[in-house]
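Beneath this line is the structure, given in structure tokens, with notes to follow.
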Amino acid sequence: MFKNYRLMLAIGLICGGLAVFGAITAVNQKVGAVPAVVAAKDIESHQVLSPGDLTVVPVPRAALYKDALPAVSQVLGQVARGYIPAGTVMRASMLLPPAKAGASGLLSDYPGLVALAVKADIETNLAGVLQPGDKVQVMARYKDARGGRYEVVASAAPVLVVNDKGVLLGLTPEENGKYQQALAGGAAISFALLPGK
């Protein structure tokens, strides 16, 4: 009879140990910490996300939305739909692919450039054949007492958007300054299409 109690006690301890292990596993699956991408600093609306904007931290599973992103690689190059405060867990619903994010998304392929709209005419849309992805030389023509002169404002500006209202170009800040100065000086603007894309 004494041996049966030892067997019963051993089975009870094993069952108790399994129950505790199962409870701990269940709790960890529900509330255990998992990696999540978090905004390392405030992110402005329509900002293209770079590695310096993000960090990965452990977050309780129960605190995460279903579309929370676990890896920085899923966020890089995406565009913020709106303002995202530092410390916010990044979710897929907060982001847009660059192609759907307007001009700021289009500029993500051209770091350091600003977008500039130029009114469409025969000389700026190149008689209707200009297309997004083309590169153009932007020239300013001035009329003066000697008959006129011209200057190159931008040597290889990427064309971002073309429609019947205008052309959206990517210019460096210096080229943008030269363009604005040319307009203020009364220059006529024209484009020359460069070979290749």
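The values are calculated or read from the model by the stated rules, or taken from the named source; none is laboratory data. All values reported here derive from a predicted model rather than from experimental measurement. So basically every Cβ, Gly included, is an ideal-geometry build from the backbone, and we count neighbours across all protein chains shown. Surface areas here come from the heavy atoms of the whole protein model, side chains and all, with no ligands, DNA or RNA. Shrake-Rupley method; radii C 1.70, N 1.55, O 1.52, S 1.80 Å.
Observations on the model:
- Note on the range 30-53: residues that are assigned to a helix (DSSP H, G or I), surrounded by 11 or more Cβ atoms within 10 Å (Cβ to Cβ) and modelled with pLDDT under 75 amount to 1.
- Among residues of the range 118-128, those that are β-branched (Val, Ile, Thr) and closer than 21 Å to residue 103 by Cα, counted: 2
- Considering the range 104-130, and only residues there that are open to solvent by 40 Å² or more (accessible area, probe 1.4 Å), more than 16 Å from the chain's Cα centre (by Cα) and not basic (Lys, Arg), the residue that is modelled with the highest pLDDT turns out to be 117.
- Single match in 145, 157, 101 (criterion: more than 14 Å from the chain's Cα centre (by Cα) and either surrounded by 11 or more Cβ atoms within 10 Å (Cβ to Cβ) or under 30 Å from residue 66 (Cα atoms) (or both)): 157
- The residues of the range 110-127 that are out of contact with any strand residue (DSSP E or B) (no Cβ under 7 Å at 6 or more places or on another chain) and assigned to a loop (DSSP other than H, G, I, E, B), listed by number, are 111, 112, 121, 122.
- Of all residues in the range 77-91, those being open to solvent by less than 50 Å² (accessible area, probe 1.4 Å), over 21 Å from residue 62 (Cβ atoms) and either in a strand (DSSP E or B) or among the small types (Gly, Ala, Ser) (or both) number 5.
Listed here are the residues, each with its yes/no results for (1) closer than 30 Å to residue 32 by Cα; (2) of a type in the set (Gly, Ala, Ser); (3) touching a residue at least 40 places away in the same chain (Cβ under 8 Å).
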position: 67; (1), (2), (3): yes, no, no
position: 90; (1), (2), (3): yes, no, yes
position: 103; (1), (2), (3): no, yes, yes
position: 115; (1), (2), (3): no, yes, yes
position: 119; (1), (2), (3): no, no, yes
